[in-house]
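Remarks on the structure that follows.
Values in this text are rule-based calculations from the coordinates and carry no lab data. Here the structure is a predicted model, which is why all the values come from computation and not from measurement. Don't worry about glycine lacking a Cβ; one is built from the backbone with ideal geometry, like all the others, and counts go over all protein chains shown.
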Amino acid sequence: MDDRPSRIALPETGAPSRISPAPRRSRLKAFLVGILILLAIGAAAWYLTPSSTQTGKAGRFNPNAPMPVVGKAAATGDMPVVLTGLGTVTPLATVTVKTQINGYLAKIDFQEGQMVKAGDLLAEIDPRPYQVALEQAEGTLARDQALLADAKLDLVRYQKLVAQDSIAEQQRDTQAALVKQDEGTVKFDQGQVDSAKLNLTYCHIVAPVAGRVGLRQVDQGNYVTSGDANGIVVVTTLQPITVVFTLPEDSIPPLMQQTHQGVTLPVAAWDRAHVHKLADGTLVSVDNQIDTTTGTFKLKAIFPNADETLFPNQFVNAELLLTTEKNAILVPQSAVQRGAPGTFVYLIDPASDTVSVRTITLGAGDANNIVVEKGLAAGDMVVIDGADKLKDGAKITLPNAEGSGGHAGTAAQKSGDGQSQGQAEHHHRRQDSGKGQQGEPSGSSQPSAQ
């Protein structure tokens, strides 16, 4: 065996170690990827950032450019003061026709849904039992009338005999009492005859009021009694007809002022959606107390209802015309703003093409216009569209503004031909899209203090 120790090859300490080129390549690749990502982000930011020319064209996105708005002059006109409440159509009379006697229903003399007058025949009950009862009562009456006549003759005889002192006065007095008794019997019999005649009349059931008959509650041939809860038919008066509606209690003072002066107040009935007008009527009465649970009071209006557009128990919107304000200052509803100053409008100064906040006091209004009781005069220009970005003292342009004359668009011309053309086209589209919505508020905006 070789006893020599084995040799282990060790690297030379003085020789330089070699590093694999793989890590260096990965670092270079990551560096290049990062540069590409930064370039892509920069390109995207440059592409998405609007240029100065584009910013200059859009006044709403450039804080230094005039704000394009639409203006309109305050005008004078008449404004009706209308009180609106939810109401229910109620007929003047709703009668359940019942029989007042018992018997077989021999005949039905109406058609369901038929219009009838008071006194028209509706049904007939078999009259034969009541005809027999009438004959019996008349027979009893005739017998008792004969007894009464005989008693009266005897009384005359007894009076003569007493005068001759032929009989005792007691016999005469007894005969006089018998006459009184027979008179009472005859009167009772006459009542029986009248009752039998009345029952015979009740066999013919007639309409108690004029109106429309409803659906038949019982068929011909049934035995009916006066205790039937449903009756035979229901008759409802439709012409005229009333509407009972409610108003808030704050409306009582001006309403009572008009009624005490004897003014006839017109009332219009509209459908549930408040789109179609159904009928015109007048106010007839006001309730005598306020409902404490709702804070409202009831009123009743009457309508001729010649075309029967109003139907019992129908829900309607009642409009009560209280008065009409003459020569009031009117502005569109869209011009009114609400914010920290309260209720205000943006007043346009045509000379400087700026707007200022003007606090106003409002009155009555409708879907389109509203009365300005204080704060504006006729002819004052107010902003009706584009007020959402305005503040006190802001510069504006008025393309196609009403009432501004040749001054409209002056600020736009100062900004350059290309810029004014783009703004005019932009606001023309806004004006067209806002047609039909003039009565709706453009949204509350709060002016900023400069």
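Please give me the summed charge of the neighbours of residue 291: other residues whose Cβ is under 12 Å from its Cβ, Lys and Arg +1, Asp and Glu -1. With Lys, Arg at +1 and Asp, Glu at -1, the net is -1. Electrostatic bookkeeping for residue 317 treats Lys and Arg as +1 and Asp and Glu as -1; over the other residues with beta carbon under 12 Å from its beta carbon, the sum is 0. Global dimensions of the stretch 307-362 from alpha-carbon coordinates: Rg and Dmax equal 19.8, 62 Å.
Counting other Cβ atoms within 10 Å of each Cβ, which trypsin sites (Lys or Arg not before Pro) in the stretch 132-238 have at most 16 and sit in a DSSP loop?
216
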